[in-house]
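Scroll down for the structure; my scribbles are underneath it.
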Amino acid sequence: MDDEVTAGEVRSQVRDIVNDTLLALADEADRGVFDPTAIIERVQVGLTSANIGRSRAGHDVHPSDSLSAASALFDLALPRLIEALGDVTLTAPTAIAVARTLHHCIMARVASASVGYVDVLLERLSVAQTEERMRVSRELHDRVAHGIAASLQRVNLGITAARTSTDDGIQMFTMATGLLEQALDNTREIALELRQTVGNNVLDDAVRDFLGDAASAGSTTAVHTKGIPRRIPAGVGEEVFLIIREALRNAVAHAKAAHIDVTFTWTDHNVAIEIHDDGIGFDPFQVRTDSMGLLTMRERADVVGADMTVASKTGGGTSVTLTVPSRNGTR
């Protein structure tokens, strides 16, 4: 990063930190209570710290360097703060209050910057995952599917040749053809699913696109949107999309649902996604702890800081609700 740009950023940070510390000290003097929550909320009103976090991640600055920078900011800001206090007598209790408040103001910025930093890492992870999925998709299409198609061609030639003989191999050839056709369909379906991503879409549209391309196996699915949809950070969006996709698969493959409703409810604070089906349901207390589908969904939800609940009863359908909090990167 350019030295002059860095110096300007540091000066701006010191100035803002001193101002916030003075405001916090004034609040404490008025109310007689120290409230670090108020400091955190004031810092998080703007996106400056989050943008700095994104910038640091973009320049591959290690988190340990950011913590070192926080210590340096404390050393730089403290003299400025004492100067700004003017004639205030710095007794021991006052000095402790000043240092404590300054510390909280700096760490509030560190916490805010960490959100932007993590968003960049999640976006990089999303790009890497997407590239890998595209590679696997090409391999499945170009090598696996091509090989199965070639095998089918040879089996069909074998059937033609067998018709001229008394051998009973025709039945075996026919069975082999059916199996290969099924394998070919499955391979093409996997290749298509691997290419499904959120990309530049909002989640609602990405799910609609997926349902438009995927085989429904006799189920009908409706997507509903409440509120105003918006894009969310790429890494978060891709993980949430995969959770929704797994829930839809479960509704079709395991619940044998005839109808599925996917409802997106967008607010200023979060987006809630409910996947409800009219399938056979299950007893949540009888689910195996090693059930990979639900386990993977919960792990993905934890990664992006989302809450996931599953409500079901035997014969009463299933509802999966996912609540994704808004982040500084949401737009």
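The values are calculated or read from the model by the stated rules, or taken from the named source; none is laboratory data. These figures come from a predicted structure and were not determined experimentally. Cβ: placed from backbone, ideal geometry, glycine included. Neighbour counts: every protein chain shown. Areas reflect the complete protein model, heavy atoms only, side chains present, ligands, DNA and RNA absent. Shrake-Rupley method; radii C 1.70, N 1.55, O 1.52, S 1.80 Å.
Do we have Val127 as out of contact with any strand residue (DSSP E or B) (no Cβ under 7 Å at 6 or more places or on another chain) and either of a type in the set (Asp, Glu) or at pLDDT 75 or above (or both) here?
Numbers: out of contact with any strand residue (DSSP E or B) (no Cβ under 7 Å at 6 or more places or on another chain): yes; either of a type in the set (Asp, Glu) or at pLDDT 75 or above (or both): no.
No: the conditions fail for Val127.
Checking Thr89 against (1) closer than 23 Å to Arg15 by Cα; (2) at pLDDT below 75; (3) in a helix (DSSP H, G or I), which test does it fail?
(3)
For residues that are farther than 24 Å from Ala111 by Cβ, open to solvent by less than 40 Å² (accessible area, probe 1.4 Å) and hydrophobic (A, V, I, L, M, F, W, C), scanning just the range 291-331, find the one that is modelled with the lowest pLDDT.
Restricting to residues being farther than 24 Å from Ala111 by Cβ, open to solvent by less than 40 Å² (accessible area, probe 1.4 Å) and hydrophobic (A, V, I, L, M, F, W, C), the top hit is Leu294.
Which members of the range 117-161 meet the condition of being closer than 12 Å to Thr187 by Cβ and in contact with a Ser or Thr (Cβ under 6 Å, 6 or more places away or on another chain)?
Matches in the range 117-161: Leu140, Val144, Ala145.
Taking the condition of a type in the set (Gly, Ala, Ser) and open to solvent by 40 Å² or more (accessible area, probe 1.4 Å), does Ala258 pass? I'd like the intermediate steps shown before the answer.
Working: of a type in the set (Gly, Ala, Ser): yes; open to solvent by 40 Å² or more (accessible area, probe 1.4 Å): yes.
Taking the combined requirement at face value, the residue satisfies it.
Of everything in the range 237-251 that's more than 17 Å from the chain's Cα centre (by Cα) and buried (at least 21 other Cβ atoms within 10 Å of the Cβ), which residue is modelled with the lowest pLDDT?
Initially, the range 237-251 is screened for residues more than 17 Å from the chain's Cα centre (by Cα), giving 248-251.
Restricting the remaining residues to those that are buried (at least 21 other Cβ atoms within 10 Å of the Cβ) gives 248, 250-251.
Working: Leu248: 90, Asn250: 86, Ala251: 89.
Checking each candidate, the answer is Asn250.
Looking at the structure I just gave you, is Ala234 at pLDDT 75 or above and within 37 Å of the chain's Cα centre (by Cα)? Let's see the steps before the verdict.
Numbers: at pLDDT 75 or above: yes; within 37 Å of the chain's Cα centre (by Cα): yes.
Judged against the criteria, Ala234 is a match.
State whether one or more residues within the range 265-284 are touching a residue at least 60 places away in the same chain (Cβ under 8 Å), buried (at least 21 other Cβ atoms within 10 Å of the Cβ) and more than 23 Å from Asn200 (Cβ to Cβ).
For the range 265-284, residues touching a residue at least 60 places away in the same chain (Cβ under 8 Å), buried (at least 21 other Cβ atoms within 10 Å of the Cβ) and more than 23 Å from Asn200 (Cβ to Cβ): absent.
Yes or no: Arg249 of a type in the set (Lys, Arg) and touching a residue at least 24 places away in the same chain (Cβ under 8 Å)? Quick ask: steps written out before the conclusion?
Values: of a type in the set (Lys, Arg): yes; touching a residue at least 24 places away in the same chain (Cβ under 8 Å): yes.
Judged against the criteria, Arg249 is a match.
Mind checking which residues of the range 163-196 are at pLDDT 70 or above and open to solvent by less than 30 Å² (accessible area, probe 1.4 Å)?
Thr177, Leu184, Thr187, Ala191
Can you tell me which residue in the range 102-122 is nearest to Ala72 (Cα to Cα), limited to those that are of a type outside the set (A, V, I, L, M, F, W, C) and open to solvent by less than 50 Å² (accessible area, probe 1.4 Å)?
Filtering the range 102-122 for residues of a type outside the set (A, V, I, L, M, F, W, C) gives 103-104, 109, 112, 114, 116-117, 119.
So of that shortlist, the ones also open to solvent by less than 50 Å² (accessible area, probe 1.4 Å) come out as 109, 112, 116-117, 119.
Numbers: Arg109: 14, Ser112: 18, Gly116: 21, Tyr117: 19, Asp119: 25 Å.
Taking the candidates together, the pick is Arg109.
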